[in-house]
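To keep things clear, I will list the structure first and then write my remarks on it.
The values are calculated or read from the model by the stated rules, or taken from the named source; none is laboratory data. Please read these numbers as outputs of a predicted model, since none were measured by experiment. With ideal geometry, Cβ positions are generated from the backbone for all residues, glycine too; neighbour counts draw on all protein chains shown.
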Ligand SMILES: Cc1ncc(COP(=O)(O)O)c(C=O)c1O
């Protein structure tokens, strides 16, 4: 049967047909509700919350008139530029990294352009590339070790490649590429916008941000959703050379980041002590998790982020569900890596609880 014409007039039983690119997309299922009361080890958030100074700053600075006025970004741009050590024209504030990815793609990708992503990686790379109608080329992380496939990626980049999207460190594998590798990618892809998504930078310490003036095809994103504990606020930054940023701002909605989010970001960067303490706690807790997993004979991938991927073999769904019954949320990733479960690293106290419950589950398989 021929597909109905896209211009067909809808009748009362049928909605309007979307663009073909949208029809072709695989559906994405965001997390279900009810996470807030549980131990949230499933979305790589800060497991404690944001700095109290952020909520205090909001309470102190927010007045009724603020909500009546469209957002103004001037003070935040000044303070964020000083914090990140960039020019004020070398970034745009975004509605989380998700909007950064979207804006980058909207600015540089036409229908059928090639976008290169790695697999497995952050789901939104594929999502926005698919919405744009791009041709997606996926490069798998190294089978078994799940290390960054630098040679394979360099081999896949062609003159026609328009965008390369890299999570560094990568969610969910935790593996990372070093700066030398990033530079080789930038040099191999002079016609492509190369995004280095540094959502977990604070845990890895690897950043390409100081290179934006040297490489005109480099784009770097940062977020306030992870270590800063502000995922609900939806705020991040997308950095590049000033002329690239000017194009992206042209393609970005002028008020996509709300005033509360901007106020929160300004407060968050003032409390660097909270961030460094939390990072220190997570890095110590990550070691604890490695030891605990080894004790149980469970294989895992060493991580540069605040999460660890471990191998439950045939039991990934069972382990996830059994932990959930104990109010501990972890993420099953076996749909893309057989047996894989990802746990977000929180405090040492939280991870001791996780390991205690995991041991019970692991030693008593469900019938
Ligand atoms: C690699 C990576 N980038 C970006 C994000 C989301 O960032 P945001 O909340 O700023 O949109 C995530 C969240 O899981 C992620 O893993």
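Residue-wise test of (1) crowded, with 24+ Cβ neighbours inside 10 Å; (2) within 16 Å of residue 304 (Cβ to Cβ); (3) at pLDDT 95 or above.
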residue: 205; (1), (2), (3): no, yes, yes
residue: 211; (1), (2), (3): no, no, yes
residue: 222; (1), (2), (3): yes, yes, yes
residue: 232; (1), (2), (3): no, no, yes
residue: 235; (1), (2), (3): yes, no, yes
residue: 240; (1), (2), (3): yes, no, yes
residue: 244; (1), (2), (3): no, no, yes
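Inside the stretch 26-44, can you point out the residues that are in contact (Cβ under 8 Å) with a residue 24 or more places away in the chain and under 28 Å from residue 132 (Cα atoms)?
Taking the stretch 26-44 as the starting set, the residues that turn out to be in contact (Cβ under 8 Å) with a residue 24 or more places away in the chain are 26, 28, 35, 37-44.
Matches in the stretch 26-44: 26, 28, 43, 44.
So that you can scan it fast, the table gives a plain yes or no per residue for (1) more than 18 Å from residue 306 (Cβ to Cβ); (2) part of a helix (DSSP H, G or I); (3) touching a strand residue (DSSP E or B) at 6+ places or on another chain (Cβ under 9 Å):
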{"position": "320", "(1), (2), (3)": "yes, yes, yes"}
{"position": "335", "(1), (2), (3)": "yes, no, no"}
{"position": "338", "(1), (2), (3)": "yes, no, yes"}
{"position": "343", "(1), (2), (3)": "no, no, yes"}
{"position": "350", "(1), (2), (3)": "no, yes, yes"}
{"position": "359", "(1), (2), (3)": "yes, yes, no"}
